[in-house]
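Heads up, the thing below is written out as structure tokens.
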């Protein structure tokens, strides 16, 4: 294993601890007095650093490892400055948002992070075209890069609105949801599926693999409209939204068939913990698709977007349940994370925290809809945040113990 990937993934889990500590601080402030911090500023820092410092940094690191396995280890040197540039902008956003919220510094670092994404997309796209074997993963990664660039339209719009102090509510929310959608349903999800089709589904028939890709790729853009259903769309547009949401179940059904087939091949070659983590990630992905389909019903959509716990629960379901668990499971399957007692406890506690967080948010959201008071919900969410932080901390310790990638229990892969 190349020392760069070891170093970068150590940073990933250190960053995850920072993300979890910010989440814990935010939950503490809701339940207990903490006048020293600005809730809104810390919330912006938490979300931006979760995207840039944890998920994007981890995906970039794994993508560089993937392309280096195809083209040679010299690729690491070419990409390292882009990796570090992304980290600099992520930490810049972390501290500037904590200090001033949306201000000059935070907008500068946010803008620089987008330019880093553009540069990475340009370099990685060129390297994808250099791969002799034209496998399906290339399409997933190219789509991920395109969606990452598209998401920047929402970020630039937000920056412009804050700079001009013109924040019309619907336009403001539309810009936020545009950025979020093409990040977690585009950049994050398609990158993860690129890894999945490279390793888990690598021997699937080309026609089936391409069909699944095009189902999700064509559905991604119209599915953004699910986030802004308060707009009075013409009937034909609304039909397209419903079809785009439901057609993903076709791709999901195809993936279920593939997973069943892999029980006798790939899933027999990996550690049992990988099966559990990837299985939970796929379960979260399945729940996500059902929630998306349900949101096409206007009455349910108004309820969902009218209650903050439901929105936060959905975002955490995708970012923690689908994306983060997949990245951890994939890292172990590739032996980038050495599985041992500390990592085992860290993953177990972190997964418990994800489940507890989602359960409380779901109950809180339902109670809000039914106008049933649940005063203890915020305290339970604080406890869930403690569990998430503990799990992240244990995983960071486990990764920090690795010296040159030689410590820990080796896994078959």
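Classify the stretch 143-243 as rounded, prolate or oblate from the Cα gyration tensor: take a ≥ b ≥ c as the square roots of its eigenvalues, call it rounded if a/c is under 1.5, otherwise prolate when a/b beats b/c and oblate if not.
oblate
Relative contact order for the stretch 143-243: 32 percent, from Cα pairs under 8 Å spaced at least 6 residues apart, divided by residue count. Packing, as the average of other Cβ atoms within 10 Å across residues, places the peptides 149-160, 77-88 in the order 149-160, 77-88, highest first. With neighbour counts taken as other beta-carbon atoms within 10 Å, the residues 146, 236, 243 rank, fewest first, as 236, 243, 146.
Entry note, the stretch 1-105: relative contact order of 36 percent, from Cα contacts under 8 Å with a spacing of 6+ residues.
Sorting the segments 245-253, 220-228 by their mean number of nearby beta carbons within 10 angstrom, highest to lowest, gives 220-228, 245-253.
Computed on the chain, with alpha-carbon pairs under 8 angstrom and 6+ residues apart, the relative contact order is 18 percent.
When the square roots of the Cα gyration tensor eigenvalues are ordered a ≥ b ≥ c, the ratio a/c for the stretch 220-294 is 1.5 or more and a/b exceeds b/c, which makes its shape prolate.
Using alpha carbons only, how many angstrom separate the centre of the stretch 75-95 from the centre of the stretch 239-280? Cα centroid to Cα centroid, the span is 32 Å.
Legend: ranking of residues 265, 286 from fewest to most surrounding C-beta atoms inside 10 Å; resulting order 265, 286. Taking a ≥ b ≥ c as the square roots of the Cα gyration tensor eigenvalues, with a/c under 1.5 meaning rounded and otherwise prolate when a/b beats b/c, else oblate, which class fits the chain? Here the chain falls in the rounded category. When 256, 17 are sorted by how many other C-beta atoms sit within 10 angstrom of their C-beta, beginning with the fewest, the order is 256, 17.
No lab work stands behind these numbers, since they all come straight from the coordinates. Every value quoted in this text rests on a predicted model; they were computed, and no experiment measured them. Neighbour counts run over all protein chains shown; Cβ positions are idealised from the backbone, glycine included.
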